[in-house]
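Every number in this text was worked out from the coordinates using simple rules, so none of it is lab data. Keep in mind that what you see is a predicted model, and the values were worked out from it rather than measured. Reconstructed Cβ throughout: ideal geometry from the backbone, glycine too, with neighbour counts over all protein chains shown.
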Protein chains: 2
Amino acid sequence: MAKYWFTKARFLNTRPTIAHAIHRTPVLTSRTFDQWIQGNLFFKCENFQKVGAFKMRGAAHAVARLSARDKKRGVATHSSGNFAQALALAARQAGIPAWIVMPEHAPQVKKDAVRDYGGQIVECGPTLSAREEKLQQVVKATGATFIHPFDHQDVILGQGTAAQELIEEVENIDILIAPVGGGGLVSGTAIAAMHLSPHTLVYAAEPQGAADAWQSKKTGRIVPQTHPQTIADGLRTSLGQLTFPIIRDHVQEVLLVSEAEIKHALRHAMERLKIVLEPSAAVAIAAVLRYQPLFQNKRTGIILSGGNISLPLIPQLIE
Amino acid sequence: MAKYWFTKARFLNTRPTIAHAIHRTPVLTSRTFDQWIQGNLFFKCENFQKVGAFKMRGAAHAVARLSARDKKRGVATHSSGNFAQALALAARQAGIPAWIVMPEHAPQVKKDAVRDYGGQIVECGPTLSAREEKLQQVVKATGATFIHPFDHQDVILGQGTAAQELIEEVENIDILIAPVGGGGLVSGTAIAAMHLSPHTLVYAAEPQGAADAWQSKKTGRIVPQTHPQTIADGLRTSLGQLTFPIIRDHVQEVLLVSEAEIKHALRHAMERLKIVLEPSAAVAIAAVLRYQPLFQNKRTGIILSGGNISLPLIPQLIE
């Protein structure tokens, strides 16, 4: 194997770098879930993370790693999801500007959230090319550093710190599972396991209606996501050049779940764990419930990616 | 002051007695809430308690304190709320039977929950007298010990252990606040403060639409709750003979909140803390938001009483 960029030394340097900027989130357990699975589940609650999602870890790391000179010019990204808020807050904490390119038809509540965290919104058209063009304009005009929402080394390393905390807090984790969209979270999770708990298997969980990671792993090349059909709005993206090889080489399997299974899992989690989750986070729980034999008699850590859900939509999103 | 029954020795004996039967629940904080209040709030998450509510503490204590002879005959209560589930589970944990008298028209989901925990449901008519008559029949027929849902010394002492954990975990709590229905939780909270942190002020929070505790404290005698109009379904009961004097003498004030304020608080808590709460728990948050000057520059512990809410009703219950 060629030498990889995600060395142990580099990974171990990550959490101290961002400790001031993030929450150490709690780990919950549930006897009811454990009885269903006939194993032990440990829920790492990134829904309690700043901005309500694990994305804060990677954003904080990318910002912290900038040179003093680059910091002055600020950061930029394109996202209408949790990474937009995360980068805005990470930049504000560091006292630097953040430009967030968002489609003009993005929900008002998402724009408001980014502005609340001090981000400057730059609107673009609805297409991928319009978005990238606008981003390049912003970078050119401001000198800001583009921080990719997931296909970025420091972002991936940052996301891995959730698994690191879980591994440090809970002994003898046999399995780690995380949802996969762009792949930043599950890549970081695989890096954490590889360096800190080599016997631990890492699984990804993905909606059947957005099964590009499953296809990519199966075919050995990046299969782009074209027409995602899932309520898990955080998981509609394609894998990246950095995340794909990690998933190919260091993730055991991509486990697919149906929309009905996601909804069931979301309901069970909110009813039993009494926590608010977004559908993307429920995808990992759905996979554990569907593929129960894999997790029987095992100690499994589930990374609950986030909790940003529109409360009035809850009845439609549970089943 | 006449010697009271809730001595320090008796209270301190409570938590060791129930430690095996309950969860030590986490305490959450929120920078956003702290900014709104201009003070420090510490949320004691009894929604994460077994059966999803603080009631488990008192039920476990009442069961644990029975004589061996009484244990054999089991326990009985009347409740269609969280205490029904709590007593059923506490009895099952102790290996004894529990009879729960519930109105025949009680929601199926509540009956199912009690049965899931091993409780035996005895149905009764919708009136108070029908309920009490049925309970007496059950007690006579089975020899079970009646455990009142709140007006019972061991129950009150058990409920106080939530505040005890909070006081032990968070230094220098200036204020404790809990919702008041029958008064078991806030009485127990006052007992904990009195013995463990005498400088701490204890407030009760109550819906305007069920303001019997407020009236009782004002008039110096128990004013029964007649036609409660509130979404906080756990707070529709009257005070009891044991809880009223404690509230009269050891609770600073009963703070009233409107239905709109309860709904706002519920939304804010679910959006910001990412936890699932029942409306009764949101009443205490609503009081802190409404009477903000009382809590400014103070360190306040809020006992979040429970999280048993019907998820499909959430849109109606937030505002």
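Entry note, chain B: relative contact order of 21 percent, from Cα contacts under 8 Å with a spacing of 6+ residues.
Peptide A:27-35 shows a mean partner chain C-beta count of 1 within 10 Å per residue C-beta.
Considering only beta bridges that DSSP places wholly inside chain A, some 10 percent are antiparallel. What is the list of residues in the range A:287-307 whose amide nitrogen lies under 12 Å from a point 7 angstrom out from the Cα of A:H199, following Cα to Cβ? Only A:299 fall inside the zone, counting backbone N under 12 Å. Mean sequence separation of contacting Cα pairs (under 8 Å, at least six apart), scaled by the length of the range A:56-146, corresponds to a relative contact order of 31 percent. Cβ crowding within 10 Å, taken as a proxy for footprinting-reagent exposure, orders A:E261, A:E104 from fewest neighbours to most as A:E104, A:E261. Is the shape of the protein assembly as shown rounded, prolate or oblate, going by the alpha carbon gyration tensor and its root eigenvalues a ≥ b ≥ c, with a/c under 1.5 for rounded and a/b larger than b/c for prolate? Taking the square roots of the gyration eigenvalues as a ≥ b ≥ c, the protein assembly as shown is prolate.
Each Lys or Arg adds one and each Asp or Glu subtracts one; over the other residues with Cβ under 12 Å from the Cβ of A:V170, this totals -3.
Highest mean packing comes first when the peptides A:223-230, A:48-55 are listed by Cβ atoms within 10 Å, giving A:48-55, A:223-230. What the phi angles of the range B:88-93 give under the Karplus curve with 6.51, -1.76 and 1.60, with θ = phi - 60°, is a coupling list of 4, 5, 4, 5, 4, 4 Hz, glycine and proline written as x. Listed by chain and number, the lysines whose alpha-carbon sits under 28 Å from that of A:K3, ignoring those within fewer than 8 places in the same chain, are A:K55, A:K217, A:K218. For A:F42, the residues 5 or more places off, or on other chains, whose built amide H falls under 5 Å of its own are A:T300, A:G301, A:I302.
The alpha-carbon of B:K110 sits under 18 angstrom from the alpha-carbons of these aspartates and glutamates, leaving out residues fewer than 8 places away in its chain: A:E271, B:E123, B:D233, B:E278. Using a cutoff of 8 angstrom between alpha carbon atoms and counting only pairs six or more residues apart, the relative contact order for the range A:201-319 works out to 28 percent.
Any lysines with Cα under 19 Å of the A:K72 Cα? List them, leaving off those in the same chain fewer than 8 positions away. By straight Cα distance, A:K72 reaches A:K140. Mind scanning A:K274/B:K111; A:K44/B:K274; A:K274/B:K71 and naming the pairs with a C-alpha gap bigger than 23 Å? Beyond 23 Å: A:K274/B:K71. Under the shape rule built on the C-alpha gyration tensor, where the axes satisfy a ≥ b ≥ c, chain A is prolate, since a/c reaches at least 1.5 and a/b is greater than b/c.
Within 12 Å, Cβ to Cβ, of A:A130, how many net charges do the neighbouring residues add up to if Lys/Arg are +1 and Asp/Glu are -1? Walk me through the numbers before you get to the answer.
Values: positive: A:R131, A:K134; negative: A:E104, A:E123, A:E132, A:E133.
Once all neighbours under 12 Å are counted, the net charge is -2.
Apply the a/c threshold of 1.5 to the C-alpha gyration tensor of the range A:103-182 and tell me whether it is rounded, prolate or oblate. Here the range A:103-182 falls in the prolate category. Using the Cβ of A:R221 as centre and a radius below 13 Å, the other residues enclosed give a net charge of +2, where K and R count +1 and D and E count -1. In order along the range B:39-45, the Karplus-derived 3J(HN,Hα) couplings, from 6.51 cos²θ - 1.76 cosθ + 1.60 at θ = phi - 60°, round to x, 10, 10, 10, 9, 8, 8 Hz, and Gly and Pro are given as x. Rounded to the nearest 10 degrees, the angle from helix B:55-64 to the longest Cα principal axis of chain B is 40 degrees.
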